[in-house]
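Accompanying notes for the structure given below.
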Amino acid sequence: MLVRPGPGSAARLRRWRLLDALIVIILLFVLAGLLFPAIPRPHPHVPGDVALRNTKNLILGVLMYAQDYDGYLPCAASWPDQIDPYVKNRALYKAHADPTDQPVSYAMAARYSVVNLADIPNRESAVVLYEAEYGRPAAWHNGGLHVAFADGHAKWYPSLPGDPMQSPTGKDNSVADRNRH
């Protein structure tokens, strides 16, 4: 037996449908409010982060070179050319913050030129690469520079830890701060 709705029930049915639709919309907004903070938002790259990644990639290129040459690091005078087959990206050699026209914004510590990794004590503190202006340490990133170590890690420092170059005068190599304008 078929029951027919009585008078006024169509309006009541429409009201429930409208109320149901409103409830569903409200639930969707609540769900969206809960889910949107969990969705990662794209953010601009911080130049220091890019420079640190570049420094890390360069030291990995140096270590790959050393692996192929019985543990010997490249020559400090020509290290960019020697590790180029391992890095395969010449853009890594130039720091974005480098205001000079030099093609390579990094220097290799002269004391580790053609040195075997096995002969380096405390590789975690042995500075192999650092940001440099024509061979001298340069602080282009918030008054500091990126440094890469013989164990393969890279880090930002406010000044160069230790003296990776033998200065002709025997004095410490000061970090040239390019952010003092």
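The values are calculated or read from the model by the stated rules, or taken from the named source; none is laboratory data. Given the structure is predicted, the values throughout are model-derived calculations rather than measurements. Positions of Cβ are backbone-derived with ideal geometry, glycine not excepted, and every protein chain shown enters the neighbour counts.
General observations
- Test result for ASP151, modelled with pLDDT under 90, surrounded by fewer than 20 Cβ atoms within 10 Å (Cβ to Cβ) and not hydrophobic (A, V, I, L, M, F, W, C): no
- Of the residues making up the range 137-148, just one is surrounded by 24 or more Cβ atoms within 10 Å (Cβ to Cβ) and outside any strand (DSSP E or B), namely TRP140.
- Long-range neighbours under 8 Å by Cβ, at least six apart or interchain, first residue in the same structural domain as PRO161 (by TED's automatic domain parsing) and of a type in the set (Gly, Ala, Ser) within the range 127-142, second part of a strand (DSSP E or B) and surrounded by fewer than 20 Cβ atoms within 10 Å (Cβ to Cβ): ALA138/ALA176; ALA139/ALA176; ALA139/ASP177
- With respect to (1) on the phi < 0 side of the Ramachandran plot; (2) in a loop (DSSP other than H, G, I, E, B); (3) surrounded by 10 or more Cβ atoms within 10 Å (Cβ to Cβ), the lone exception for GLN67 is condition (2).
Every residue, every condition in (1) in contact (Cβ under 8 Å) with a residue 40 or more places away in the chain; (2) surrounded by fewer than 15 Cβ atoms within 10 Å (Cβ to Cβ), yes or no:
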residue: LEU34; (1), (2): no, yes
residue: LEU58; (1), (2): yes, no
residue: LEU73; (1), (2): yes, no
residue: ILE120; (1), (2): no, no
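- Per the conditions (1) surrounded by 18 or more Cβ atoms within 10 Å (Cβ to Cβ); (2) out of contact with any helix residue (DSSP H, G or I) (no Cβ under 8 Å at 6 or more places or on another chain); (3) farther than 21 Å from GLN67 by Cα, the sole criterion not satisfied by TYR112 is (3).
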